[in-house]
Amino acid sequence: MIAWVGIGANLGDARANVLDAIERLSRLPGARLLQTSPLYRTAPIDSSGDDYVNAVAMLDTNLDAHALLRALFAIEQAHGRERPYRNAPRTLDLDLLLYGDQVIDDAPTLIVPHPRMHERAFVLAPLADVAPDLVIPGRGAVTALLADAGDQGVARLA
């Protein structure tokens, strides 16, 4: 199954945390890292703190969606992720964005496609960079959605 993972951080050395998360994803049992986007710097949305460093990763996995989500949480925990309140600044945030073309609603644990990904430039810009023809089930093409996302302060890092 092809899965897309959103990666973000804005506490500590955010860039190093994102790069380490990508490395950990490359070693994830039951998954193979196929592709990663360039890094982006993005302004916080519905959050506070420093700008985020964001990316997306494409995995080929034989893990089911819930097992993959648990593996992502374990990587977050290895980075000291805390959840004191919704949208709190974070050392690392890994979101299961897409799991094939499946629509999963096991709220509050797992919702795929990830809620609000279709309106978040910090997800759409990296996705459009590596998979411009990708379609988000029930929402539309990534490039069209990015055009509708407005100016959310997203800049590709060199």
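Here are the numbers for the structure shown:
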read-out: With every protein chain in place, the stretch 8-82: carbon and sulfur % of accessible area (1.4 Å); value: 48 percent
read-out: Helix-only CD estimate at 222 nm, as mean residue ellipticity for the chain, using -39500 (n - 2.57) per DSSP H run (n ≥ 4); value: -8500 deg cm²/dmol
read-out: 13 Å beta-carbon shell around residue 100, net charge (K/R +1, D/E -1); value: -3
read-out: Residue 78/residue 101 FRET efficiency (R0 35 Å; Cβ-Cβ; nearest 0.05); value: 0.70
read-out: Charge context of residue 2, other residues only, Cβ under 15 angstrom, K/R +1, D/E -1; value: -3
read-out: Where the chain is the region considered: accessible area per residue in Å², 1.4 Å probe; value: 48 Å²
read-out: Entry for P(r) over Cα pairs in 10 Å bins from 0, in percent (calculated from the structure that is shown) out of (1) 10, 36, 29, 10, 8, 5, 2, 0; (2) 11, 44, 39, 6; (3) 10, 28, 26, 18, 12, 6, 1; value: (2)
read-out: Charge dipole magnitude, Cβ of K and R +1, D and E -1 - the chain, Cα centre, debye nearest 20; value: 260 debye
read-out: Listed residues 79, 59, 40: farthest to the positive end of the dipole of the stretch 9-84 (Cβ charges); value: 59
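The values are calculated or read from the model by the stated rules, or taken from the named source; none is laboratory data. Fair warning: this is a prediction, and the values are worked out from it, not measured in the lab. All Cβ positions, glycine included, derive from the backbone under ideal geometry; neighbour counts span all protein chains shown. Side chains included, ligands, DNA and RNA excluded: accessible areas come from the protein's heavy atoms. Shrake-Rupley method; radii C 1.70, N 1.55, O 1.52, S 1.80 Å.
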